[in-house]
Amino acid sequence: MFPSVLPVPRNPEPQAVPVLRWGIIGPGWIAAHFAKALKENSAQKLVAVAGRNAGKTRAFADKWAIPHTFSSADEMLAMNALDVVYIATPHNHHFPDGLQALRAGKHVLIEKPLALNAQEGAELQAEAQRRGVLCMEAMWCDFTPKYDVLRQLLADGALGDLHTLIADHGEFFTPDHRIFNADLAGGPMLDLGSYLLAFSVMVGGGAPAHITACGQPAEGGVNGQASMLLQHPSGMHSVLHTTLFSNTPGRAVIAGREASIVLDGQFYAPGGFVLTSSQGNKSLRWEEPQNRYAQLSYEAEHFAWCVGQGLQTSPVRSLQTSLQTLSTMDEVRRQLGIVFNEER
Ligand SMILES: NC(=O)c1ccc[n+]([C@@H]2O[C@H](COP(=O)([O-])OP(=O)(O)OC[C@H]3O[C@@H](n4cnc5c(N)ncnc54)[C@H](OP(=O)(O)O)[C@@H]3O)[C@@H](O)[C@H]2O)c1
């Protein structure tokens, strides 16, 4: 049934969110946005940072008033007064860095993608279970108010039977960006593509039953663009495209028999969407500021809430969901012939 108003985003009660002591591995570009979001929009405490470049790590710590700096993850992980480690290194470091932090008995929030492939992801899951700690992929959009409203609309059946998801995510990168670097598991798939595939797994209710993909290589030995057609067990189709050659609108459409949602680009970032009935006579619009990086605080607050609840997997982004996304990416890569160095 078409709703009279949009659902209200749900947030944990502030008193149910413990203040955790956070350490960061990899004081790079996204780590700076994360630190800012934590400082300005949450009560979480940044207590330590570890980076391979001492000067850069010190400058990062000074900027964000972080009391402890380390030139290796080992030293930081020996700290007792540290609850959780946020891993913001390049994709191919997520697995070794994550495993090391889990083995040190810390809760771990790992930048997306969780790992290079489903096998690495499953090893992280097994280690987290052994240690009795929380491991979560920092698929930050999943924890934002907009995604919570979308999940509620889907769960309420506001769209009727789902038939089609169409989404794209293309961005222009200069050749010096790490996305062109084969030694850092470059290509759009693990970067931009992870938003598309995670969205498709969320809307489709799990991993697709059938995948067809085609790709085009870029210079530097990485994939440059990929187009993917996914068929879900329900019969829903996802039509997805990602590229690192060009900027594309980044919009998405979730089409059901009763109603459709059109999300403004970039679909996964804070921004508007419109829900319209199939007859075209009713519509509701979601509006919000496009304060993309400020919304990184939601993943940190959700993570702290999970720790407070004693959970070892997030009810919003379970490791199972992350593994389904990784196994879908594995199959796309298999069809495109993309093999990362660590897999050779
Ligand atoms: N959530 C989001 O919106 C978002 C956005 C962008 C990226 N990400 C994810 O965050 C991760 C990091 O991306 P980024 O753009 O922040 O990268 P970045 O700016 O290059 O930062 C990477 C950090 O990892 C360190 N590092 C450790 N080993 C390295 C190695 N072998 N080669 C290069 N750097 C190494 C870098 O060290 P130095 O400090 O010495 O350079 C740097 O501190 C990626 O997995 C990406 O998918 C998430």
(request) Express as a percent, rounded to the nearest 5, the fraction of DSSP beta bridges in the chain (both residues included) that run antiparallel. (result) 55 percent
(request) Sort out for me the Cα centre separation of region 206-245 from region 138-190, rounded to whole Å. (result) 12 Å
(message) Viscosity 1.002 mPa s, temperature 20 °C: give me the Stokes-Einstein translational D for the chain in µm²/s, with Rh taken as the Kirkwood radius over C-alpha pairs.
(response) 104 µm²/s
(request) Within 10 Å of each residue's Cβ, count the other Cβ atoms and sort Asp176, Asp74, Asp191 from fewest upward. (result) Asp176, Asp74, Asp191
(request) Calculate one ³J(HN,Hα) per residue across region 3-8 by plugging θ = phi - 60° into the Karplus curve 6.51 cos²θ - 1.76 cosθ + 1.60, and present them in order as whole Hz with x for glycine and proline. (result) x, 7, 9, 6, x, 8
(request) Please identify, among His210, His169, His241, the residue showing maximal mean-square fluctuation in a Gaussian network model of the chain using a 10 angstrom Cα cutoff. (result) His210
(message) Taking the 0 to 90 degree range and rounding to the nearest ten, how far is the long axis of helix 145-155 tilted relative to the main principal axis of the chain, both from C-alpha atoms?
(response) 50 degrees
(request) Return one number: the angle in degrees, 0 to 90 and rounded to the nearest 10, between the long axis of the Cα atoms of helix 91-103 and the longest principal axis of the Cα atoms of the chain. (result) 60 degrees
(message) Less than 17 Å from a label point 7 Å out along the Cα-to-Cβ axis of Gln216: which backbone N atoms in region 136-174 qualify, by residue?
(response) 168-174
(request) With no solvent and one equal point scatterer per Cα, compute the Debye intensity ratio I(q)/I(0) for region 14-140 at 0.10 Å⁻¹ and report its log10, rounded to two decimals. (result) -0.27
(message) Suppose R0 equals 35 Å. What FRET efficiency, 1/(1 + (r/R0)^6) with r the Cβ-Cβ distance, do Gln152 and Trp29 give to the nearest 0.05?
(response) 0.60
(request) Starting with the fewest neighbours, write out Lys106, Lys39, Lys56 ranked by other beta-carbon atoms found within 10 Å of each beta-carbon. (result) Lys56, Lys39, Lys106
(request) Loop only per DSSP, at most 14 neighbouring Cβ atoms within 10 Å: give me the trypsin sites (Lys or Arg not before Pro) in region 213-300, ordered by residue number. (result) Arg257, Lys282
(message) Between region 1-28 and region 68-96, how far is it from one alpha carbon centroid to the other, in angstrom?
(response) 23 Å
(request) Among Val47, Val85, rank each residue by its count of other Cβ atoms within 10 Å, from fewest to most, as a rough exposure measure. (result) Val47, Val85
(message) Excluding same-chain pairs closer than 8 in sequence, count the lysine pairs in region 14-140 whose Cα atoms lie under 20 Å apart.
(response) 8
(message) Test of understanding: what is the full-extension gain from Glu75 to Arg344, defined as 0.36 nm times their sequence separation minus their Cα-Cα distance?
(response) 93.8 nm
(message) Tell me the angle of helix 297-308 to the major Cα principal axis of the chain, expressed in degrees between 0 and 90 and rounded to the nearest ten.
(response) 70 degrees
(request) Obtain the nm distance between the two label points defined at Ala122 and His177 by a simple spin-label model: each point lies 7 Å from its Cα along the Cα-to-C-beta direction. (result) 3.3 nm
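Here, each number is a calculation from the coordinates, and none is a lab measurement. Since this is a predicted model, take the numbers as computed values, not measurements. Please note: Cβ atoms are built from the backbone with ideal geometry, for glycine as well, and neighbour counts cover all protein chains shown.
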